[in-house]
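Take a look at the structure below.
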């Protein structure tokens, strides 16, 4: 990665933490970094490309923090913990998340592959949690963890759609909708 690209990313990250991604503009970043706006556009043709990279980095941090603070309790609490942390992040960045999700679902510009990889890693983590729950005897030994993880990820995606469409305004409201689904899933696995 070029030094200039990293300078641009660092300025955008700082703005993200100070004002949120909605407050980031390529022109302001160019002025702040003293780089020509055309040069900034060379690395990031549009603001959305920069937003996607920062959201991706931030979501990785959220995932790491979520796993680091994962309760050592039952599988249902662990699954709910995951949703709560992710939904909180996306509610806090609803506008930017909605822009990125539109690009992921309706664009063919490579965003879909990156998002699919992130979703795949999330799914693998859920499978690992379910396997651990099976080893602890919390769920039946005949449970197919992959199928259960697919159901769980569908609840996550439903919550994401609710956020992106602005149907709910708080992570708590999305959790109120998705947690009963998690409870029903876990009950079916016992």
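The table below lists the values:
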item	result
Of the criteria (1) farther than 28 Å from residue 44 by Cβ; (2) touching a helix residue (DSSP H, G or I) at 6+ places or on another chain (Cβ under 8 Å), which one residue 154 fails	(2)
Count of residues meeting criterion [surrounded by fewer than 10 Cβ atoms within 10 Å (Cβ to Cβ) and touching a helix residue (DSSP H, G or I) at 6+ places or on another chain (Cβ under 9 Å)] in the stretch 137-149	1
Index of the failed condition, residue 166 passing every other in (1) in contact (Cβ under 8 Å) with a residue 24 or more places away in the chain; (2) surrounded by fewer than 16 Cβ atoms within 10 Å (Cβ to Cβ); (3) assigned to a helix (DSSP H, G or I)	(3)
Helices (runs of 4 or more DSSP H) wholly inside the stretch 22-125 that include at least 1 residues being surrounded by 12 or more Cβ atoms within 10 Å (Cβ to Cβ), at negative phi and touching a residue at least 40 places away in the same chain (Cβ under 8 Å)	37-43, 47-68, 75-92, 94-106
Residue within the stretch 136-143 that is in a helix (DSSP H, G or I) and at negative phi present	no
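Matching residues to (1) at pLDDT below 95; (2) outside the structural domain of residue 91 (by TED's automatic domain parsing); (3) farther than 26 Å from residue 94 by Cβ:
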position: 120; (1), (2), (3): yes, no, no
position: 130; (1), (2), (3): no, no, yes
position: 143; (1), (2), (3): no, no, yes
position: 152; (1), (2), (3): no, no, no
position: 155; (1), (2), (3): no, no, no
position: 161; (1), (2), (3): yes, no, no
position: 167; (1), (2), (3): yes, no, no
position: 177; (1), (2), (3): no, no, no
position: 181; (1), (2), (3): no, no, no
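The values are calculated or read from the model by the stated rules, or taken from the named source; none is laboratory data. Being a predicted model, the structure only gives us computed values, none of them experimental. Neighbour counts are summed over all protein chains in view; Cβ atoms, including those assigned to glycine, are modelled from backbone coordinates with ideal geometry.
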